[in-house]
Every structure is written in C-alpha cells, then in structure tokens.
Amino acid sequence: MNKHDIQKEYNDWVKAGEIASKVREFSKTIIKPGVKLIDIADQIELKIKELGAVPAFPVNLSHDSFAAHCTPTSKDETVLNNQLLKVDIGVCYNGAIGDTAYTVDLSGTHAKLVEASKKAVDNALKIIKVGTTLGEIGKVIEDTITSYGFQPIRNLSGHGLDLFKIHTAPTVPNYDTKDSTMLEKGMIIAIEPFATTGGGRIRDTTHAEILMKISDKPIRDVFARKVFEEIKAFEGLPFSRRALAKTFPLPRLNLAIRQLILNGNLQEYPPLQEVNLGMVSQHEHTLLIEDEVIVLTR
Ligand code: MN
Ligand code: MN
C-alpha cells in the first residue's frame, strides 16, 4: 500500500501534477485534423522537458478501439482526421509523477461516449475521501458509464503511484469489485475510467513501441549493451523505441531491443485493444488523499 512522507515529497507531487495539467491543456491546442501524430507526440514530450520535468512514460495517443499503449513510431505517418483519440500524459518531477488523460473526438459522433468517462471521474471525485472503499469507487464508475448505455473496461484500472513507479497498489477498479480496502491518508492514486461501446474488455495486440527495463542482467552483445546503457537514463520508467531512434539507427536498434527482451532486460507494452473493437474513451486524474482530497492534475 503506498503511503507517502508527504512533508518531504509534497512539493514535488504538486509540481508534477501542475506540469501534467499544463501539458494536457497545451496538447488541446495542437490536436486537430491534418496534423501528424508524431508531431503531436514530439511537441507534448518537448513541452514536458521545457517545463523542467521528464515524461513518466511516452505520451499515449491511442485511437478508436485502442484503449492505451499506442505511441507513434519514429517512422509514423499517421495524420489526424476523424479519430477518437485518447491522450494520456505522464510527467515525472524528482521522481514524483502526474498522470492525466482525456479524450478528443475528432469524428464529432462520439460525444456521449466521451462524456461517460468524464462524468465517471467527476462522480468518483464526489465520493473519494479517507475511508472510501475501492469497491465503492468502482461502483460509481460502473453505474455512471452504464447509465449512458456503455460498458466500463473491466480489465483496466486506476492505480497507486510512488516515486519513479507509475503502477503500485492499490488497484482502483472501474467496476464494482466489492473490494472493501479503504483509502488512507497519504495515498496517491490515479483514477482512470474507460468507457466503451464494446463488451468492456481489452486484449494485448502486437508491435509494442513502449518498453520498460525490468532487470540489469548483463548482456553479451556489444551494441545491445550500448543501447542498454542509454536505456538506463530512463530511470526504470517506460520509454519508446522512437526516443532511442534519435540516437541509434532503427534496424540495429530493433535487433538490440529484441536481444534485450530475450535476455530478460526489457518488458514490452503492446497496444491494448477492445476485444469487440468497440470505441473507447478515457479520462484520468491523479489525486492525493488527505483530510481534504487534492486533485493534483486539476
Ligand atoms: Mn495515464
Ligand atoms: Mn494511469
């Protein structure tokens, strides 16, 4: 269970949240039809650095039936036109993390779906305080989303956050799990409901662009070792092949990454797609649970 020494870390968590909100609002000004997805990603990640932080993970720009873990490749040619785009931004400041997401409907046909996940966050915030159970949060999220005629995605959830760790206990469900675990003072959690026109489950797909270091086990190959040294700069946070492709030529980079995965150094995060190819919306805020709950990414 994550409980923080808030006296010591407080300013960093507030700052991470503030930067995440600023970057989120900035991203709204650049996302429009006709713009290349890779330019959006580059500008968002650059803005995080300009504001004195680093990405806590590669910005997730997941379209239509993809719920999460899509980020452009270094060769991505996608141009925005009528996508339902989830924008999930993570900011890391001195290890503290701000995690926030929203959905843009460029098609103009999914307003209700977008509203459903947004309202689910709003309604969850109304009941969240010290002592609220995880099951109660899940129930509010589920009831809100189903009241719109959609399904929450049950195998995606909110989570605790810790220094340099995006996902820690507790798991904050998006449906009524009856979990009686209570929120405690000092916890930092992200709530992130997903609403879908499909059945409400996601599955892994292939071609992971997002990776994370899981072991420091030595690697024999000289080039793979060079790539791994560069990867250590991400301090254990997820990163993209796109970021490394600024330093290494792509074919050799992908070979090195393959070796590092086989050697047990890296884990892949493939794009997550709704099983019925239903459209998906998402909203997310990071909160500090104190006597007064603080929405860090407001
Ligand atoms: Mn997120
Ligand atoms: Mn999250």
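The values are calculated or read from the model by the stated rules, or taken from the named source; none is laboratory data. Here the structure is a predicted model, which means the values were calculated and not measured. Positions of Cβ are generated from backbone atoms using ideal geometry, with glycine treated the same way; all protein chains shown enter the neighbour counts.
What the table shows:
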read-out: Criterion violated by residue 217 - all others in (1) away from ligand 2 (no atom under 15 Å from the Cβ); (2) under 21 Å from the mean Cα position of the chain (by Cα); (3) not β-branched (Val, Ile, Thr) satisfied; value: (2)
read-out: Any chance residue 156 is away from ligand 1 (no atom under 16 Å from the Cβ) and surrounded by 19 or more Cβ atoms within 10 Å (Cβ to Cβ); value: no
read-out: From 129, 112, 119, residue being touching a Leu at 6+ places or on another chain (Cβ under 8 Å) and either within 14 Å of ligand 2 (Cβ to nearest atom) or touching a residue at least 24 places away in the same chain (Cβ under 8 Å) (or both); value: 129
read-out: Selection status of residue 169, under 23 Å from residue 272 (Cα atoms) and surrounded by fewer than 24 Cβ atoms within 10 Å (Cβ to Cβ); value: yes
read-out: Residue list for segment 203-242, restricted to those being part of a helix (DSSP H, G or I) and surrounded by 19 or more Cβ atoms within 10 Å (Cβ to Cβ); value: 224, 227, 228, 231, 234, 241, 242
read-out: Residue within segment 178-186 that is in contact (Cβ under 8 Å) with a residue 24 or more places away in the chain, surrounded by 20 or more Cβ atoms within 10 Å (Cβ to Cβ) and of a type in the set (Ser, Thr, Tyr) present; value: no
read-out: Matching residues, segment 144-182, being of a type in the set (Asp, Glu) and away from ligand 2 (no atom under 16 Å from the Cβ); value: 176, 179
read-out: Filtered residues of segment 243-298 (kept if farther than 20 Å from residue 204 by Cα and in a strand (DSSP E or B)); value: 284, 285, 286, 287, 288, 294, 295
read-out: Selection status of residue 7, under 22 Å from residue 169 (Cα atoms) and assigned to a helix (DSSP H, G or I); value: yes
read-out: From the options 127, 145, 141, residue that is away from ligand 1 (no atom under 16 Å from the Cβ), crowded, with 22+ Cβ neighbours inside 10 Å and at pLDDT 95 or above; value: 145
read-out: Residue satisfying all of: in segment 242-298; small (Gly, Ala, Ser) and touching a residue at least 40 places away in the same chain (Cβ under 8 Å); nearest to ligand 1 (Cβ to nearest atom) among these; value: 281
read-out: Any hit, segment 274-284, residues being of a type in the set (D, E, K, R), out of contact with any Lys or Arg (no Cβ under 9 Å at 6 or more places or on another chain) and within 30 Å of residue 127 (Cα to Cα); value: yes
read-out: Residue that is farthest from the chain's Cα centre (by Cα), among those in segment 148-202 that are closer than 20 Å to residue 58 by Cβ and assigned to a loop (DSSP other than H, G, I, E, B); value: 163
read-out: Selection from segment 78-113 of residues that are away from ligand 1 (no atom under 16 Å from the Cβ) and either β-branched (Val, Ile, Thr) or more than 21 Å from residue 197 (Cα to Cα) (or both); value: 78, 79, 80, 94, 95, 109
